[in-house]
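Here is the structure we will look at.
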Protein chains: 2
Amino acid sequence: MRIAVPLFDGFTALDVVGPYEILRMLPESEVTFAADAPGPCTDGEGHLRLHATASFRDVVEADVLVVPGGPGARRSLADESLLDWIRHIHTTTTWTTSVCTGSLLLGAAGLLDGLEATTHWGAVDTLESYGATYTARRVVEQPGGIVTAAGVSSGIDMALRLAELIAGRVAAEAFQLAIEYDPQPPFDSGSYAKASQEAKSYLAARPRRTARPASR
Amino acid sequence: MRIAVPLFDGFTALDVVGPYEILRMLPESEVTFAADAPGPCTDGEGHLRLHATASFRDVVEADVLVVPGGPGARRSLADESLLDWIRHIHTTTTWTTSVCTGSLLLGAAGLLDGLEATTHWGAVDTLESYGATYTARRVVEQPGGIVTAAGVSSGIDMALRLAELIAGRVAAEAFQLAIEYDPQPPFDSGSYAKASQEAKSYLAARPRRTARPASR
């Protein structure tokens, strides 16, 4: 099971690592983190660097593609070399998936036109500008093996569903047990519909950090 | 808010990144990933490399310490230089925390003797060998600012509670909204008490991968 994850400066780390911790347990999984060049990519907050293990040109096919989001995803919506790579890998996959604003990259690549899809709650208009119909579900499966997940942490739920589709329900339940995914958030503020106005105002007022340039 | 996260080969990536995605949003947060030397550390599965941004000797204090688990945590239980670093940083923190088998490192450092604590469900006996009383809760807070979380994904729940303690409930709710943490696992197999015997047997029979040595 070849799993490919594109990285770019400004990715969101949990978009990558949530699905990774499930999909890595699939039988004979091989996870490749691809970027313009092998080496560290810096996340959107500027604190965390994850290593790309291959360059885009060296990754030509995959069974599962997982496209993460983050501020760098929005900045890459006109990056034709990244979009071309996504389009090409999609022709080789069984499952083409995204987490958070990774769906904007699928949209910009033309893969969501006419489909239902989801994304981070703050990116709905951009998603729909690519011809997709936003669907406020946590994981949205569509014909052609395209699966989109909502914001950041939803990639864990998506990956469990993918694991079921790929390896069966017992395997997926085993992976859930392995990461002890029995979520008990202390608040009920995880969706735009449920969060308080104070929480929304706090988030809107939070200073945006400018990520430091990646040291390579 | 200075947050220190030790890395070592064989860490579990979600133990690190789950809390990171919450704690990075704290006001004026600075997250340092520390290891024997700056550079990439390879996770327990051997696929993922995260960069340490500092060496242990250069990190001498922190407000929050987050110790991750993973196969490498179990291998490090007699690593006196790591344990000494944990002991020293603990004397400077407001919160000393762990995720998954990271609690075994806190235990080996002598910090859990006589306390209640939690860990991954597969590590209970080892935890108790350090004088701790295992408590089957997802997040366990103790006097002295010691907070332990259960397996892997529980670090997200722990970090939300820490965010509340540090920055208040509205901030913590805002961070939950930012990562759209409205978990909807497709199965109810996330704890040892709830998982089926088939899922447990599948997990026990899963071949263990030997992580490739880190390339530095």
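The values are calculated or read from the model by the stated rules, or taken from the named source; none is laboratory data. The shown structure was predicted, so the numbers you read here are calculated from the model rather than taken from an experiment. In this analysis, Cβ positions are derived from the backbone assuming ideal geometry, glycine residues included, and neighbour counts consider all displayed protein chains. Protein only, heavy atoms only, side chains kept; ligands, DNA and RNA dropped before computing areas. Shrake-Rupley method; radii C 1.70, N 1.55, O 1.52, S 1.80 Å.
What is the residue count in the stretch B:155-166 for residues that are over 19 Å from residue B:112 (Cα atoms) and either touching a Gly at 6+ places or on another chain (Cβ under 8 Å) or more than 9 Å from every other protein chain (Cβ to nearest Cβ) (or both)?
So in the stretch B:155-166, the residues over 19 Å from residue B:112 (Cα atoms) come out as B:156-157, B:159-161, B:163-166.
Filter once more, so that each one left must be either touching a Gly at 6+ places or on another chain (Cβ under 8 Å) or more than 9 Å from every other protein chain (Cβ to nearest Cβ) (or both): B:156, B:159, B:163, B:165-166.
Qualifying residue count for the region: 5.
Would you please name the residue that is farthest from the other protein chains (Cβ to nearest Cβ), looking only at residues in the stretch B:134-147 that are farther than 18 Å from residue B:192 by Cα and either small (Gly, Ala, Ser) or in contact with a strand residue (DSSP E or B) (Cβ under 8 Å, 6 or more places away or on another chain) (or both)? Explain how you work it out, then say what you get.
If we filter the stretch B:134-147 for residues that are farther than 18 Å from residue B:192 by Cα, which is where we start, we get B:141-147.
Next cut, either small (Gly, Ala, Ser) or in contact with a strand residue (DSSP E or B) (Cβ under 8 Å, 6 or more places away or on another chain) (or both) only: B:141-142, B:144-147.
Details: B:141: 11, B:142: 17, B:144: 21, B:145: 17, B:146: 18, B:147: 12 Å.
Taking the candidates together, the pick is B:144.
Would a scan of the stretch A:93-104 turn up a residue that is in contact (Cβ under 8 Å) with a residue 12 or more places away in the chain, more than 17 Å from residue A:149 (Cα to Cα) and over 14 Å from the mean Cα position of the chain (by Cα)? Yes - at least one qualifying residue is present in the stretch A:93-104. Against the test of being over 20 Å from the mean Cα position of the chain (by Cα) and within 30 Å of residue A:121 (Cβ to Cβ), the options B:198, B:173, B:164 yield a single qualifying residue, B:173. Here residue A:92 passes the criteria (1) in a helix (DSSP H, G or I); (2) surrounded by fewer than 18 Cβ atoms within 10 Å (Cβ to Cβ) except the one numbered (1). Only residues that are more than 9 Å from chain A (Cβ to nearest Cβ) and surrounded by 20 or more Cβ atoms within 10 Å (Cβ to Cβ) were counted across the stretch B:23-41, and they come to 5. Quick one: count up the residues across the stretch B:26-53 that are hydroxyl-bearing (Ser, Thr, Tyr) and farther than 22 Å from residue B:1 by Cβ. Going through the stretch B:26-53 one residue at a time, the tally reaches 1. Residue B:97 meets all of the listed conditions (1) open to solvent by less than 10 Å² (accessible area, probe 1.4 Å); (2) in contact with a Lys or Arg (Cβ under 9 Å, 6 or more places away or on another chain); (3) among the β-branched types (Val, Ile, Thr) but one, namely (2). Pairing each residue of the stretch B:69-85 that is among the aromatic types (Phe, Trp, Tyr) with any residue that is open to solvent by 10 Å² or more (accessible area, probe 1.4 Å) and in a helix (DSSP H, G or I), provided the two are 6+ apart or on different chains, yields C-beta distances under 8 Å for B:85/B:56. When the stretch B:10-31 is filtered for residues that are polar (S, T, N, Q) and over 9 Å from the mean Cα position of the chain (by Cα), only B:29 remains. In the stretch B:189-205, the residues that are touching a residue at least 60 places away in the same chain (Cβ under 8 Å) and facing chain A (nearest Cβ under 7 Å) reach residues that are surrounded by 18 or more Cβ atoms within 10 Å (Cβ to Cβ) and charged (D, E, K, R) with C-beta atoms within less than 6 angstrom, at least six apart or across chains, in these pairs: B:191/A:182.
Are any residues in the stretch A:71-89 outside any helix (DSSP H, G or I) and loosely packed, with under 15 Cβ neighbours inside 10 Å, and if so, which ones? Walk me through it before giving the result.
The first filter runs over the stretch A:71-89 and keeps only residues outside any helix (DSSP H, G or I), leaving A:76-79.
A:78, the sole residue that qualifies.
Any idea how many residues of the stretch A:67-106 are within 16 Å of residue A:41 (Cα to Cα) and among the hydrophobic types (A, V, I, L, M, F, W, C)? Total satisfying the criteria: 3.
For the stretch A:89-99, the count of residues that are on the phi > 0 side of the Ramachandran plot and either in contact with a strand residue (DSSP E or B) (Cβ under 6 Å, 6 or more places away or on another chain) or charged (D, E, K, R) (or both) is zero. Could you please let me know if residue B:59 is closer than 22 Å to residue B:104 by Cα and crowded, with 21+ Cβ neighbours inside 10 Å? Here the answer is yes, as residue B:59 does meet what is asked.
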